[in-house]
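*Asks:* Below you'll find the structure I mean.
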Amino acid sequence: MKMAITTEPTTSPEDVLRRVDEDGVEFVRFWFTDILGQLKSFAVGKEELEEALEDGMGFDGSSITGFNRIEESDMVAMPDPATYTVLPWRDDGGSGKGNVARVFCDVLRPGGEPYEGDPRYVMRKALARMEEMGYDHYYLGPELEYFYFDSDELGEDGRPKILDKGGYFDLTTLDAASDLRRETVNALKAVGIPIEYTHHEVGPSQHEIDMRFGDGLQMCDNAMTYRIVVKEIAHLHDVYATFMPKPLFGENGSGMHTHQSLFTGDANAFYDADGHYHLSDTARSFIAGLLKHAREIAALFAPNVNSYKRLVPGYEAPVYVAWSQRNRSALVRVPMYKPGKEKATRCELRCPDPSCNPYLTFAAMLQAGLEGIDKGYDIPDPMETNLYDLSHDERVERGIEQLPETLGEAIEVLAESELVRKALGDHIFDRYVDLKREEWEEYRIQVTRWELDRYLPVL
């Protein structure tokens with residue numbers, strides 16, 4: 001990639017048209033997501049762009065998972081000028097013309113009103129509730145882990161083919177993907193996503209690139225962009241990148257630990273100089289909301305059958321509904337306060353995985369926290385002991401719940417949740433429940449290799 005494109009912000013259709021000329025862009029991809037979090041895209045030529053920026057582009061929503069059925073399928077993709085950026089893996093090699101850019105879109109009905117099935121609209125609704133309650137910013141810092149494999153084909157042993165056998169923070173020869181990660185970081189910076197640091201993760205061939213925290217809707221867009229950038233740069237090097245939560249048996253899965261805070265203006269609403277762990281009452285009620293509704297939103301932050309192969313004791317993925325400061329076996333962790341770093345006061349939800357739809361997941365997390373503030377939830381006592389060392393009876397005695405153990409259980413808990421229905425809206429809520437029930441039923445009837453190996457020789 002030889003592109004040298006500016007990343008100055010665009011705020012209007014006129015800004016986008018000017019930048020398209022300056023950047024040598026011939027096509028602009030219009031991006032949006034279905035309710036499962038799969039990125040959808042179509043390209044608009046430079047000649048048609050002015051009208052498309054003004055009026056949006058119509059498309060058939062009946063072919064998009066979770067959108068309207070064919071009898072009411074007309075949709076409009078309305079581009080958000082603030083999300084314009086050139087795609088570094090689609091540059092022209094430096095000739096100054098023929099580049100490809102993208103913008104994220106809000107999905108509208110033909111009359112111009114928001115489409116209730118658009119995940120981006122779900123996040124906008126959550127942020128609107130936040131503002132009505134007197135807060136200006138919902139800052140998010142998700143840490144998306146992923147694996148690099150030699151290809152998307154399985155090896156002779158039936159396992160994905162890893163690139164390295166490195167471990168946490170390993171370097172040089174053990175980490176075959178250092179150069180690949182560096183190029184990915186450069187690509188992320190090129191699309192306007194600031195990066196804090198990058199490293200090899202615990203599992204073999206497992207990696208992490210940490211984005212700098214950002215505001216709610218922007219971070220949803222950034223998470224979607226992050227996933228496609230990681231995959232595209234890997235593809236350029238004949239490597240397969242996956243955000244599948246648990247691709248390797250016996251190894252840690254990939255999580256998406258998510259740091260959160262609320263701000264009013266420049267003031268961190270989570271900070272209190274005199275509070276326990278320097279947490280304000282707002283922060284404590286927000287955390288209480290996350291804990292109270294964690295089981296209900298599990299089917300959003302752990303959305304696949306495979307997600308629950310990661311959420312098991314012994315592999316660093318938290319499954320017990322509790323909070324703490326240093327205890328990483330708890331669902332919510334409060335990073336230690338450092339003097340002079342009041343704005344960094346935050347909570348970290350450690351159970352989401354990177355396969356989720358970030359718009360729905362972050363919106364549900366925000367709604368759960370706001371519900372805690374609005375209803376004045378009391379936070380339970382922190383759990384400083386290793387929760388994996390407690391017996392079942394000890395956890396019951398302390399009132400510690402466990403996340404759902406399967407997608408089937410998770411979707412039925414979600415199906416009864418008033419909070420999640422309110423957060424997603426009836427349209428997405430009902431379709432999401434139906435789609436995930438279908439996925440679970442399809443999985444339940446499969447006969448796996450494990451069953452054949454265990455039972456066929458002896459039964």
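The values are calculated or read from the model by the stated rules, or taken from the named source; none is laboratory data. Keep in mind it's a predicted model, so treat the numbers as computed, not measured. FYI the Cβ positions are ideal-geometry reconstructions off the backbone, even for glycines, and counts take in every protein chain you see.
*Asks:* Take residues that are surrounded by 15 or more Cβ atoms within 10 Å (Cβ to Cβ) and tell me which of the helices (runs of 4 or more DSSP H) falling wholly in segment 387-459 contain 3 or more.
*Replies:* 407-415, 418-444
*Asks:* In segment 99-156, which residues are touching a Lys or Arg at 6+ places or on another chain (Cβ under 8 Å), surrounded by fewer than 22 Cβ atoms within 10 Å (Cβ to Cβ), part of a strand (DSSP E or B) and not hydroxyl-bearing (Ser, Thr, Tyr)?
*Replies:* VAL100, ASP106, PRO114, GLY141, ASP150, GLU153, LEU154
*Asks:* OK, next. Given the structure, is ARG182 outside any strand (DSSP E or B), outside the structural domain of TRP89 (by TED's automatic domain parsing) and without any contact (Cβ under 8 Å) to a residue 24 or more places away in the chain?
*Replies:* When the stated conditions are applied, ARG182 passes them.
*Asks:* Considering VAL321, VAL305, VAL312, which residue is at pLDDT 90 or above and part of a loop (DSSP other than H, G, I, E, B)? Walk me through it before giving the result.
*Replies:* Details: VAL321 fails: part of a loop (DSSP other than H, G, I, E, B); VAL312 fails: at pLDDT 90 or above.
Result: VAL305 is the single residue among VAL321, VAL305, VAL312 that is at pLDDT 90 or above and part of a loop (DSSP other than H, G, I, E, B).
*Asks:* Would you check which residues across segment 283-293 are assigned to a helix (DSSP H, G or I) and out of contact with any strand residue (DSSP E or B) (no Cβ under 9 Å at 6 or more places or on another chain) and list them? Outline the logic, then answer.
*Replies:* The first filter runs over segment 283-293 and keeps only residues assigned to a helix (DSSP H, G or I), leaving 283-292.
Within segment 283-293, ARG284, SER285, GLY289 meet the criteria.
*Asks:* Condition test on ASP281, is it in the same structural domain as TYR388 (by TED's automatic domain parsing), of a type in the set (D, E, K, R) and buried (at least 24 other Cβ atoms within 10 Å of the Cβ)?
*Replies:* no
*Asks:* What number of residues within segment 227-267 satisfy the criterion of being acidic (Asp, Glu) and within 21 Å of LEU180 (Cα to Cα)?
*Replies:* Going through segment 227-267 one residue at a time, the tally reaches 2.
*Asks:* Looking only at residues that are in contact with a strand residue (DSSP E or B) (Cβ under 9 Å, 6 or more places away or on another chain) and surrounded by fewer than 21 Cβ atoms within 10 Å (Cβ to Cβ) in segment 294-318, which one is farthest from LEU366 (Cα to Cα)?
*Replies:* PRO313
*Asks:* May I pose another question? Does MET365 meet the test of being assigned to a loop (DSSP other than H, G, I, E, B), surrounded by 17 or more Cβ atoms within 10 Å (Cβ to Cβ), in contact with a Phe, Trp or Tyr (Cβ under 9 Å, 6 or more places away or on another chain) and of a type in the set (A, V, I, L, M, F, W, C)? Break it down into steps so the answer makes sense when it comes.
*Replies:* Working: assigned to a loop (DSSP other than H, G, I, E, B): no; surrounded by 17 or more Cβ atoms within 10 Å (Cβ to Cβ): yes; in contact with a Phe, Trp or Tyr (Cβ under 9 Å, 6 or more places away or on another chain): yes; of a type in the set (A, V, I, L, M, F, W, C): yes.
When the stated conditions are applied, MET365 does not pass them.
*Asks:* Kindly indicate whether MET336 is among the hydrophobic types (A, V, I, L, M, F, W, C), touching a strand residue (DSSP E or B) at 6+ places or on another chain (Cβ under 6 Å) and not in a helix (DSSP H, G or I).
*Replies:* So MET336 does not fit the description; no.
*Asks:* Restricting the first residue to segment 379-403 and requiring it to be over 12 Å from TYR320 (Cβ atoms), which pairs with a second residue that is of a type outside the set (Gly, Ala, Ser) and surrounded by 14 or more Cβ atoms within 10 Å (Cβ to Cβ) meet a Cβ separation below 6 Å and a spacing of at least six or different chains?
*Replies:* What qualifies is ILE379/ARG284; ILE379/ILE287; PRO382/TRP323; GLU384/ASN327.
Quick grid of which residues meet (1) among the acidic types (Asp, Glu); (2) over 28 Å from GLU116 (Cα atoms); (3) touching a residue at least 12 places away in the same chain (Cβ under 8 Å):
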site: GLU412; (1), (2), (3): yes, no, no
site: ALA415; (1), (2), (3): no, no, yes
site: ARG421; (1), (2), (3): no, no, no
site: GLY425; (1), (2), (3): no, no, yes
site: ASP430; (1), (2), (3): yes, no, no
site: ARG437; (1), (2), (3): no, no, yes
site: TRP440; (1), (2), (3): no, no, yes
site: ARG449; (1), (2), (3): no, yes, yes
site: VAL458; (1), (2), (3): no, yes, no
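*Asks:* Another one. Suppose we keep only residues that are polar (S, T, N, Q) and within 24 Å of TYR308 (Cβ to Cβ) within segment 246-298. Which one would you say is nearest to the chain's Cα centre (by Cα)?
*Replies:* This residue is THR258.
*Asks:* Tell me the residue from SER63, SER73 that is at pLDDT below 95 and surrounded by 14 or more Cβ atoms within 10 Å (Cβ to Cβ), please.
*Replies:* Just a single option satisfies the conditions, and that option is SER73.
*Asks:* Can I ask one more? Within segment 195-281, considering only strands (runs of 3 or more DSSP E) that don't extend past its boundaries, which have at least 2 residues that are in contact (Cβ under 8 Å) with a residue 60 or more places away in the chain and among the β-branched types (Val, Ile, Thr)?
*Replies:* On the way: elements: 195-200, 206-211, 240-242, 256-264.
In segment 195-281, the matching strands (runs of 3 or more DSSP E) lie at 256-264.
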